[in-house]
Amino acid sequence: MRTYFDKQLQTLNDEMKAMGALCEDAIALAAKALSENSRELAAKVPPISSALDQKERDVEDICLKLLLRQQPVAGDLRQISAALKMITDMERIGDQAEDIAEIVVSMSGCRQEEVELLNSMARSAIRMVTDSVDAYVKQDLELAKQVIAQDDTVDDYFERVKKSLVDIMVKEPDMGSCALDLLMIGKYFERIGDHATNIAEWVIFSVTGEHRSAELSN
Amino acid sequence: MCENNRGKNIIRSNKLNLYYGDNHALKDISFDIPENRITALIGPSGCGKSTFLKTLNRMNDLVPGVKIEGQVLYKGEDIYGKAVDVTSLRKQIGMVFQKANPFPMSIYDNIAYGPRTHGIRNRAHLDEIVERSLRDAAIWDEVKDRLNKSALGLSGGQQQRICIARALAVEPEVLLMDESTSALDPISTSKIEELAMELKSRYTVIMVTHNMQQALRVSDYTAFFLLGELVEFGDTQTIFSKPADKRTEAYITGRFG
Ligand SMILES: Nc1ncnc2c1ncn2[C@@H]1O[C@H](COP(=O)(O)OP(=O)(O)OP(=O)(O)O)[C@@H](O)[C@H]1O
Ligand SMILES: [Mg+2]
């Protein structure tokens, strides 16, 4: 039954997986560029971000076509509308990876020890992105909930990053510009965590029909 | 979720069972139909939608070998009770069928037929009823200059609206529609859908449809029937966005069987 439609849904899933993989690549590269202070690596991020823009349009196209031609309801409708919302967050993750890479290119004079904490934060954020996309592909409610819980870890990291950067600014005023760069990067990673959380919330909607925004407004 | 603003129920089906001989066509159907709302009945062919609809104004009584158990309460009164006058019941609960079936007479006489059988003879009064009913059925402008022509000369969509006007002429409280748009083009269909939505401020509409999009567009509540059972009843948006029963999901997403 509905073999053709199911095939198209599978195509949508494959595209989402591909888009998720691009997201991971983008922030993993940005994080690596940061930890290795490598301009070459940083330069590889913008093309991935452009590819994400393109994928966003492709997936949007698939979704709109499915909505129009198949008039999906129930679980199908939830899956497609969740995908439509998620790609916005995925595209933003690409933008933020690009922003991080841009800072890495122009950054100078930062020491490894300052960057260390950000590396841990980056790993946490990457994990959230990977898991949120995985949760969508597998329609895995538990994994989606774990992602949301993990957001606190990333937020905690950001608090610690802020504190340590304030310390630096106070003790070594000539490190100020480096501290500001790192603060921006920390903020971008924190935003990436928020986007992964949004994705996970849409996964929960897709599986259960409940979205957290509704819970909050009730 | 909608329990609070659901308002009054006009019909209650209570443990309703219907047998056509050995064929157990309705199995323990219990649910309440809200007043001044549109309720859609959906389900695969042969699941008992038309049978259920017909029990609501006792159109099944004449079928040989039929056995009906349980209750249908209309405004609290069992319509299968001894004291019930079937003619006056059908005046209150009118029906429009899948295939337009205007009588072979003029448009005017089609509409005046019901009121006349209920004893209205005054010409001016009949004129008024005919015009109001045709207006309510959104066909007045199309036929006002040819009221004395045969209704059979109209298009299918127009004939269907004549049948709706005919049903409305006796001022029913409930309108039963059995796949009333299935043979119509999209324009006539949307006219009848608009009509149903307009009428619900004054009437309760119960419609059988095979068109999921139609159920979604017009109905407030949806009942899903399967093999003579009521699987799920709820507000339409919930049924079509997160049905509680796997079988409902399979049916409405077209993955049944
Ligand atoms: N007059 C009748 N005499 C005997 N059996 C009947 C009669 N009308 C319906 N049935 C049987 O009752 C069951 C339900 O039929 P019903 O017409 O109510 O289904 P339905 O849901 O309206 O189907 P469809 O979507 O095809 O109109 C079927 O098994 C049908 O064969
Ligand atoms: Mg039928």
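Before moving on, here are some points about what is shown:
- For the stretch B:110-137, backbone nitrogen atoms closer than 15 Å to the point 7 Å from B:E194 Cα along Cα-to-C-beta are found at B:135-137.
- For the stretch B:63-75, 3J(HN,Hα) computed residue by residue from phi via the Karplus equation (6.51, -1.76, 1.60; θ = phi - 60°) reads 5, x, x, 7, 10, 10, 10, x, 10, 10, 9, 10, 6 Hz, glycine and proline entered as x.
- Relative contact order (%) - chain A, alpha-carbon pairs under 8 angstrom, separation at least six: 26
- A cysteine counts as unpartnered when no other cysteine's C-beta lies under 4.7 Å of its own; in chain A this applies to A:C23, A:C63.
- Shielding by partners - mean other protein chain Cβ count within 10 Å, residues of B:237-248: 2
- Of all lysines in the structure, the ones whose alpha carbon falls short of 27 Å from that of A:K138, not counting any fewer than 8 places away in one chain, are A:K7, A:K17, A:K55, A:K65, A:K85, B:K242, B:K246.
- Averaged over A:70-78, number of beta-carbon atoms from partner chains that fall within 10 Å: 6
- Per-selection metrics, chain A (Cα): Rg and Dmax in Å: 18.9, 69
- Ellipsoid equivalent to the stretch B:38-102 - semi-axes via the Cα gyration tensor, in Å: 20, 15, 13
- Stretchable slack from B:K149 to B:R255, in nm (0.36 nm times residue separation minus alpha-carbon distance): 33.4 nm
- Using C-alpha pairs under 8 Å with a sequence gap of at least 6, the mean separation divided by the residue count of chain B gives a relative contact order of 26 percent.
- Taking all protein chains together, A:Y4, B:Y113 sort by accessible area into A:Y4, B:Y113, largest first [probe 1.4 Å].
- Accessible surface ranking that places the most exposed of A:S35, A:S50, B:S133 first, with a 1.4 angstrom probe: A:S50, A:S35, B:S133
- Among B:H24, B:H210, the sequence by solvent-accessible area, most first, with a 1.4 Å probe is B:H210, B:H24.
- Taking 30 Å as the straight-line reach from the Cα of A:K163, the lysines in range (excluding those fewer than 8 positions away in the same chain) are A:K32, A:K145, A:K171, A:K187.
- With the whole protein complex present, A:W202 retains an accessible surface near 50 Å², based on a 1.4 Å probe.
- Sequence-separation-based contact order of the stretch A:129-218, relative, with Cα cut under 8 Å and 6+ spacing, percent: 42
- Set of aspartates and glutamates with alpha-carbon distance to B:K149 below 17 Å, sequence-local pairs under 8 removed: B:D109, B:D127, B:E131, B:D141
- Over chain B, dividing the summed -39,500 (n - 2.57) contributions of all DSSP H runs of at least 4 residues by the number of residues returns a 222 nm mean residue ellipticity of -10000 deg cm²/dmol.
- Annotation for the stretch A:128-162 versus the stretch B:82-160: alpha-carbon center distance of 64 Å.
The values are calculated or read from the model by the stated rules, or taken from the named source; none is laboratory data. What you see is a predicted model, and the numbers here were worked out from it, not measured in a lab. Don't worry about glycine lacking a Cβ; one is built from the backbone with ideal geometry, like all the others, and counts go over all protein chains shown. Surface accessibility is based on the protein's heavy atoms, side chains included, excluding ligands, DNA and RNA. Shrake-Rupley method; radii C 1.70, N 1.55, O 1.52, S 1.80 Å.
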